[in-house]
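A short write-up of the structure that comes next.
The values are calculated or read from the model by the stated rules, or taken from the named source; none is laboratory data. For clarity, every value in this text was computed on a predicted model and none was experimentally measured. So basically every Cβ, Gly included, is an ideal-geometry build from the backbone, and we count neighbours across all protein chains shown. Heads up: the accessible areas ignore ligands, DNA and RNA and are worked out on the full protein's heavy atoms, side chains in. Shrake-Rupley method; radii C 1.70, N 1.55, O 1.52, S 1.80 Å.
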Amino acid sequence: MKRFAGLSDVLSLRRQASFIALIVLTVLSSFMSPYFLKLQNLVNIVRQVSYTGIIGLGMTFVIISAGIDLSVGSVLAFTGAVVILTMNALLPMLQSEVLVLALGIIAGVSVGACAGAFNGLMITRGRIAPFIVTLGTMAIFRSLTLYIGDAGEIQSRNALYGSFGMGSVLGIPVPVIVFLGIALVLHLVLNNTRYGRYLCAVGSNQRVALFSAIDVDRIRFYAYTLTGALVGVSAVLLGSRFNAVSTSNMGLAFELDAIAAVIIGGTAMSGGRGTIWGTVWGGLILGIINNMMNMVGVSPYLQGTVKGLVIIVAVYVQRQKQ
């Protein structure tokens with residue numbers, strides 16, 4: 001019994017590896033910079049993480065299903081542009097900033113979900129590899145964004161939109177509240193519903209899942225649609241922070257950060273297993289690394305190198321565990 005208890009302890013430590021890494025990184029960062037533990041700095045880190053973190057939550061479902069979505073950054077920019085253009089068009093007619101904001105949010109989530117559903121349809125019905133489909137839609141949605149915005153910046157005329165993105169409740173920024181709320185809901189879905197069990201089964205072995213009477217295509221389609229809807233949520237929050245959308249820069253490399261957060265959080269790239277809270281810890285680890293690189297003066301041109309190395313190391317560690 002003692003032997004099994006020891007094995008259980010080791011497995012538990014492996015499951016919590018990302019959380020332990022987060023604590024170690026926090027302690028190291030507090031020694032490297034006296035400003036790191038300042039409340040405002042910590043709030044800024046969590047706020048920055050929440051935008052890519054929300055996308056990472058959806059990406060966790062996609063990767064557990066043994067898929068990938070490279071289009072999230074471009075869909076984010078396209079959705080953000082659609083939200084502002086929708087609000088600017090409706091404001092003269094409705095004369096109510098609250099109603100226009102509500103309709104803009106609905107439009108953003110709907111457009112994001114439709115983009116995700118398109119990816120899902122091409123992958124499940126078109127039988128095209130997820131990498132190819134989302135690589136194509138990445139180019140399509142970035143191109144559409146540049147076209148509808150004339151490759152410039154789209155400003156919102158709704159003053160309430162900017163206040164919404166920079167607002168806070170009890171000192172906690174709105175994007176952070178949304179991020180943690182969605183994480184809690186998706187954690188329950190993944191661990192306490194039939195869909196969550198089917199998702200893991202599909203990611204582990206699609207053929208066996210098919211023989212077990214699981215509708216594999218529907219499970220995968222829902223995962224991509226969910227990711228698209230969450231990209232819409234993130235687009236609304238990020239666009240409202242600046243009260244504008246830069247069609248050429250918004251969402252660039254967001255797919256890299258979202259995928260990195262998922263992998264660092266312990267979700268297997270081969271599919272079949274993963275946790276929502278692992279992705280939350282992974283996003284926070286990336287946020288702390290970004291913050292420390294800025295504080296110690298690492299060139300912005302080299303920060304992508306560090307992220308790439310972190311992803312490779314995380315995948316290598318996963319391989320060693322397997």
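Taking the accessible area of the stretch 145-248, probe 1.4 Å, and keeping the other protein chains in place, the carbon and sulfur fraction comes to 61%.
Taking a spot 7 Å from the Cα of L252 along the direction of its beta carbon, which residues of the stretch 137-175 have an amide N less than 15 Å from it? In the stretch 137-175, the label zone of L252 (backbone N under 15 Å from the point 7 Å along Cα→Cβ) covers 142-143, 146, 151-153. Carbon-plus-sulfur accessible fraction, the stretch 35-119 (probe radius 1.4 Å, protein heavy atoms only): 73%.
Heavy-atom accessible surface of the stretch 122-189, averaged per residue, reaches 56 Å², computed with a 1.4 Å probe. Here the calculated FRET efficiency for S270 and T26, from their Cβ-Cβ distance with R0 = 30 Å, stands at 0.50, rounded to the nearest 0.05.
Using a probe of 1.4 angstrom and keeping all protein chains present, the accessible surface of the stretch 231-311 works out to 36 square angstrom per residue.
Calculated mean residue ellipticity at 222 nm for the chain: -26500 deg cm²/dmol, from DSSP H runs with n ≥ 4 weighted as -39500 (n - 2.57), summed, divided by the residue count and rounded to 500. Using the beta-carbon distance between M166 and R125 and R0 = 35 Å, what value does 1/(1 + (r/R0)^6) give for FRET efficiency, to the nearest 0.05? Efficiency, rounded to the nearest 0.05: 0.25. The length gained on full extension between R319 and S143, counted as 0.36 nm times the residue separation minus their Cα-Cα distance, comes to 59.7 nm. Other residues lying with their Cβ under 12 Å from the Cβ of I68 contribute a combined charge of -1, Lys and Arg counting +1, Asp and Glu -1. At most 16 other Cβ atoms within 10 Å plus a DSSP loop assignment makes a site exposed; report the longest stretch of the chain without any exposed trypsin sites (Lys or Arg not before Pro). Counting only loop sites that pass the neighbour cut-off, the longest clear stretch is 158-272. Given (i) 22.0, 95; (ii) 20.1, 72; (iii) 24.1, 87, which label gives Rg and Dmax of the Cα atoms in Å as computed from the coordinates? Computed from the coordinates, Rg and Dmax of the Cα atoms in Å corresponds to (ii).
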